[in-house]
1. Restricting to the range 318-332, name every residue that is outside any strand (DSSP E or B), in contact with a Leu (Cβ under 9 Å, 6 or more places away or on another chain) and buried (at least 18 other Cβ atoms within 10 Å of the Cβ).
2. Do you know which residues across the range 147-173 are more than 18 Å from residue 212 (Cβ to Cβ), part of a strand (DSSP E or B) and within 23 Å of the chain's Cα centre (by Cα)?
3. Within the set of pairs 6 or more residues apart or between chains, which connect a residue that is more than 23 Å from residue 423 (Cβ to Cβ) inside the range 342-371 to a residue that is modelled with pLDDT of 85 or more and in a loop (DSSP other than H, G, I, E, B) with Cβ atoms less than 6 Å apart?
4. Hey, does the range 179-190 have a residue that's in contact with a Lys or Arg (Cβ under 6 Å, 6 or more places away or on another chain), aliphatic (A, V, I, L, M) and modelled with pLDDT under 95?
5. Any idea how many residues of the range 280-301 are over 14 Å from residue 348 (Cα atoms), modelled with pLDDT of 95 or more and either in contact with a Leu (Cβ under 7 Å, 6 or more places away or on another chain) or among the aliphatic types (A, V, I, L, M) (or both)?
6. Within the range 407-460, can you find the residues that are part of a loop (DSSP other than H, G, I, E, B), in contact with a strand residue (DSSP E or B) (Cβ under 8 Å, 6 or more places away or on another chain) and modelled with pLDDT of 90 or more?
7. Any chance the range 143-152 includes a residue that's at pLDDT below 95 and of a type in the set (Ser, Thr, Tyr)?
8. Looking at the range 86-118, which of the residues that are assigned to a loop (DSSP other than H, G, I, E, B) and touching a helix residue (DSSP H, G or I) at 6+ places or on another chain (Cβ under 7 Å) is farthest from residue 388 (Cα to Cα)?
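The values are calculated or read from the model by the stated rules, or taken from the named source; none is laboratory data. Everything quoted here is computed from the prediction, not taken from an experiment. With ideal geometry, Cβ positions are generated from the backbone for all residues, glycine too; neighbour counts draw on all protein chains shown.
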Amino acid sequence: MNDELQVRELLATAAELPDEVRPPVASLLQRSRRRRARRTRLVTATAAVAVVAAAGLPAAIHAAETAPYRPGGGRALAGLFGPLPASTGPAATMIAGFRWSRLPPSPLGGRSQPIVAWTGRELLELAEIRNGATIESGAAFSPATGRWHLIAGTGQRNIGFTNAVSVWTGRQLFVTDGQVQSCAIVGSAAARCGPQAGLYDPAANRWTQTRLPAAMEGLDLTAAIWTGRDVILAGANSSRGRLGVAAYDPATGRWRMITPVLPAGHPVEDLAMTATASRLFLWSMWTRVHTSSAGPGGQSGVDVLSLDADGIWRDVTGRWPQRVTVTAPLFTGTAILVPPGQVWCGNLCSPPYTSFPGYFADPVTLARTGIPAGPLGNLDPAFVWTGRAVIAVNEDASVGTGSSHLTVGPGDMALFDPGTRRWQRLPTPPGYPRLSAVLPVWAGTELLAITARGQLLALHG
């Protein structure tokens, strides 16, 4: 296990500790939760808008690196964007009348930080850590049959699930944590000793794998999204201010680097990403520290870059808020939904806990339409998009107070109707169970949630 993987394990462990733990563990707790939630939301959001099969894939996936992409060079990125299916779902008025039911528990039992994704037919769960031990396994649940079944293992210890990013492509689940798990187990072949990504095909119940481009090694992978044709993988090395963005075409098994050039003096510390029908957006949260005669100081902000089908990255920051984090933005089919954020000042300060409401952004102009604070108030809830409405989920394990001065508990939820611009509380999961370290998943007509003990719950009509 390398040093970075050990640090990630410590962060994962810190995330399981009680909220009352004092610094410095509390800072690790907050950072781990933020990143874990961000990655999970990307899986959930992409599954909601990409539930149809993409173009046919070859039986085996092969990896091949091409020459680095030169940002701004004008070279068209043929095939980067493909059709994304329309996101549909029941009306908010229908969801308001939903109720909770207990479904069969996961055969994986209680797990820490499982990966979950909706395929359009099944709920996939991948898990690696159980009671502190590494046990790599997976299972699938079919709402049609009401049954779970175990799925094939990766067969390769070089595909890790811990703190991984993942995205559903319409046919396969792409998963990677960017780490070298153990070359000794998979042999000495050079093609299998670098960081790998795994692709699981539910129809064949089979895993294939591809090696990540060399330029992505050493980065903390933060986002994986699906454009309709390519998986876009992004990561950063905050200590060096280094960014990496790569595109993977499952149909050809080929990678290409598409990393943009960041504005001068704006080294990336964190990032977020989403794709619309014809544009890729990347938010680079940066920090610059300097020392002067007055003492140490610095600056921080948020750069917004877009990549169009013409293959040119453009700086479209404009009036985008510079002091607010951007976490797990997603394309709803007509707008970019940005969940609530917190104060962004990078490593320059320890800001007070402040929640800024979420909003919809126009995919062409980035003009923002605010979403009013709801019943969960200043608890910085996570958002799940249902196709026609927003479900806000309190991820905090503690009990707080929302803007309506009502007590808000773990797993409490609220519903926002974009048509009426009104919020209302949803039923609380029975027994106030502690949900696993992932968001509930919207499964087309119902919300599926897994508790920390492996119990599956459904909010449905």
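1. 326, 328, 329
2. Of everything in the range 147-173, just one residue is more than 18 Å from residue 212 (Cβ to Cβ), part of a strand (DSSP E or B) and within 23 Å of the chain's Cα centre (by Cα), namely 168.
3. Pairs found: 344/323; 344/325; 351/345; 363/276.
4. So far as the range 179-190 goes, yes, one or more of its residues are in contact with a Lys or Arg (Cβ under 6 Å, 6 or more places away or on another chain), aliphatic (A, V, I, L, M) and modelled with pLDDT under 95.
5. Counting residues in the range 280-301 that are over 14 Å from residue 348 (Cα atoms), modelled with pLDDT of 95 or more and either in contact with a Leu (Cβ under 7 Å, 6 or more places away or on another chain) or among the aliphatic types (A, V, I, L, M) (or both) gives 4.
6. 418, 426, 427, 440, 443, 444, 445, 446, 455
7. Among the residues of the range 143-152, not one is at pLDDT below 95 and of a type in the set (Ser, Thr, Tyr), which makes the answer no.
8. 113
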